[in-house]
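Enquirer: Pasting in a structure now, in structure tokens, and then I'll have a few things to ask.
Bear in mind that the values in this text are calculations on the coordinates, not laboratory data. Nothing here was measured: the structure is a model prediction, and the numbers come from that model. So basically every Cβ, Gly included, is an ideal-geometry build from the backbone, and we count neighbours across all protein chains shown.
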Amino acid sequence: MKVIFDTDPGIDDAMALLYLSKLPQIELLGITTVVGNASIDTTTRNALFLREKFGIAAPVIHGAGETLDGVHKEEPAIVHGINGLGEIDIPAVDESGLLAGTAHQFIIDTVNAHPGEVTIIAVGRMTNLGLALRQDPSIAKKVKQVIIMGGAFGYKGRSGNVTPLAEANIHGDPVAADEMFAAEWPVVAVGLDVTHDILLDKDYLAALARDVGENGELLRQMCEHYANFYNNVMGFPGVVGHDLLAVTYALFPEWFETRKGPIVTIRDGLAVGQTAQMPETRKGGDPAWNGRPHQTICTAVDAEKVLAHFRETVSA
Ligand code: BDR
Ligand code: CA
């Protein structure tokens with residue numbers, strides 16, 4: 001499976017990247033970066049650092065530092081740390097892993113070079129995808145699938161994390177998200193409805209550090225900071241592996257329950273970043289949703305299988 005990984009590393013982004021690097025069925029074509037968990041220079045530096053650590057051959061491509069709505073949002077240092085990776089030591093990185101050009105141009109060129117073959121896994125703000133669509137709308141028909149970590153649709157009462165109504169990746173660039181959901185490509189949203197089931201507790205992280213070696217220990221160290229947020233602020237018994245679940249969907253869609261229908265993102269106001277799907281089984285409809293493609297959201301997941309597979313894969 002040919003994959004472009006669009007990311008804002010980010011601790012759970014690091015988990016997803018380690019996972020991708022260990023999967024023989026994945027051909028990683030590029031790692032495109034976006035502002036989000038930290039500034040664009042920091043997320044790009046982090047992607048280069050992780051690429052080197054995980055022995056990844058695919059290049060990193062610098063992406064958008066400004067969102068399409070033009071609204072600056074505070075960086076979530078309380079979640080991912082000021083350096084985006086839980087304040088671990090990050091030495092000077094090997095810049096040779098950086099490919100010249102912009103992320104959205106890389107997406108356009110790569111999709112055009114492999115029509116019908118490329119899966120985009122996007123686990124940050126949708127800005128690079130939005131820019132790529134604006135510049136070359138024809139790519140929508142040539143992409144195999146877009147799997148995003150983003151959104152929240154109210155299953156199990158999960159409707160937001162940045163606000164009670166909005167998930168971070170969508171709230172971070174609601175305009176890009178709305179354009180991305182409206183495009184004629186098949187989108188699967190792996191949102192908070194399912195990612196909040198993927199809890200990595202202390203014992204699980206200790207086992208990773210033991211079984212995976214250096215990179216497992218790296219994840220465990222990053223997660224000390226991440227756990228301060230999830231345990232103390234959110235009251236969760238572990239840290240949430242949001243982004244790794246988008247990778248799992250690419251491999252095992254049968255482990256998920258889903259619902260189809262057009263999706264609208266609220267672009268401004270108090271509910272900015274809220275994602276709302278009109279189920280396709282509902283008769284009638286409302287003009288705001290009419291004419292949009294029927295996208296897929298994940299409504300339930302077999303978390304036990306996911307956690308076992310992640311652990312087995314990164315330990316191999
Ligand atoms: C998403 O926001 C980011 O902080 C995480 O990396 C994840 O992609 C969760 O809402
Ligand atoms: Ca992310």
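Enquirer: What size of dipole, in debye to the nearest 20, comes out for the chain about its Cα centre when the only charges are +1 on Lys and Arg C-beta atoms and -1 on Asp and Glu C-beta atoms?
Expert: Dipole of the chain, to the nearest 20 debye: 820 debye.
Enquirer: HN-Hα J couplings of the stretch 263-275 from phi, Karplus 6.51/-1.76/1.60, θ = phi - 60°, integer Hz, Gly and Pro as x?
Expert: 10, 10, 10, 6, 8, 7, x, 4, 8, 3, x, 5, 10
Enquirer: Once the other residues with Cβ under 15 Å from the Cβ of PRO59 are scored (Lys, Arg +1; Asp, Glu -1), what is the net sum?
Expert: Cβ neighbours under 15 Å give a net charge of -3.
Enquirer: Determine how many Å³ per residue the convex hull of the Cα atoms of the stretch 207-316 encloses.
Expert: It comes to 149 Å³ per residue, whole-number rounded.
Enquirer: Also, quick follow-up: Which whole-number percent gives the relative contact order of the chain, counting Cα pairs below 8 Å spaced six or more residues apart?
Expert: 19 percent
Enquirer: So, one more: Direction-averaged shadow area of the convex hull around the Cα atoms of the stretch 122-267, nm²?
Expert: Reported value for the Cα convex hull: 9.7 nm².
Enquirer: Okay, moving on. After finding the eigenvalues of the alpha carbon gyration tensor for the stretch 258-304, what semi-axes result from the square roots of 5 times each, listed largest first in whole Å?
Expert: Here the semi-axes work out to 21, 17, 8 Å.
Enquirer: Which value, to two decimals, describes the C-alpha radius of gyration of the stretch 56-150 once divided by 2.2 N^0.38 Å?
Expert: Rg over 2.2 N^0.38 Å, computed on Cα atoms: 1.23.
Enquirer: Restricting the calculation to Cα positions, tell me the Rg (one decimal) and the Dmax (whole number) of the chain in Å.
Expert: For the chain, the Cα-based Rg and Dmax read 17.9, 57 Å.
Enquirer: Sticking with this one: Sum up the charges of everything whose Cβ sits under 12 Å from the Cβ of MET222, counting Lys and Arg as +1 and Asp and Glu as -1, but leave MET222 out.
Expert: With Lys, Arg at +1 and Asp, Glu at -1, the net is -4.
Enquirer: Something else about it: Check the straight Cα-Cα distances from LYS22 and name the lysines below 21 Å, setting aside those fewer than 8 residues away within the same chain.
Expert: Straight-distance partners of LYS22: LYS2, LYS53, LYS305.
Enquirer: Output the antiparallel fraction of DSSP beta bridges having both residues in the chain, as a percent to the nearest 5.
Expert: 30 percent
Enquirer: Assuming 1.306 mPa s and 10 °C, estimate D for the stretch 99-200 with Stokes-Einstein, Rh taken as the Kirkwood radius over Cα pairs, in µm²/s.
Expert: 112 µm²/s
Enquirer: Taking Rh as the Kirkwood radius computed over C-alpha pairs, what is the Stokes-Einstein D of the stretch 15-65 at 10 °C in a medium of viscosity 1.306 mPa s, expressed in µm² per second?
Expert: D, rounded to a whole number, is 142 µm²/s.
Enquirer: Report the local net charge at LYS142: Lys and Arg +1, Asp and Glu -1, summed over other residues whose C-beta lies under 10 Å from its C-beta.
Expert: 0
Enquirer: Before rounding to the nearest 500, sum -39500 (n - 2.57) across all DSSP H runs of length at least 4 in the chain and divide by the residue total; then give [θ] at 222 nm in deg cm²/dmol.
Expert: -10500 deg cm²/dmol
Enquirer: Could you work out the mean projected area of the convex hull around the alpha carbons of the stretch 161-226, in square nanometres to one decimal?
Expert: 6.4 nm²
Enquirer: Now for a separate question. Along the charge dipole of the chain, Cβ charges K/R +1 and D/E -1, which of TYR230, HIS80, ASN112 sits furthest on the positive end?
Expert: Positive-end residue among those listed: ASN112.
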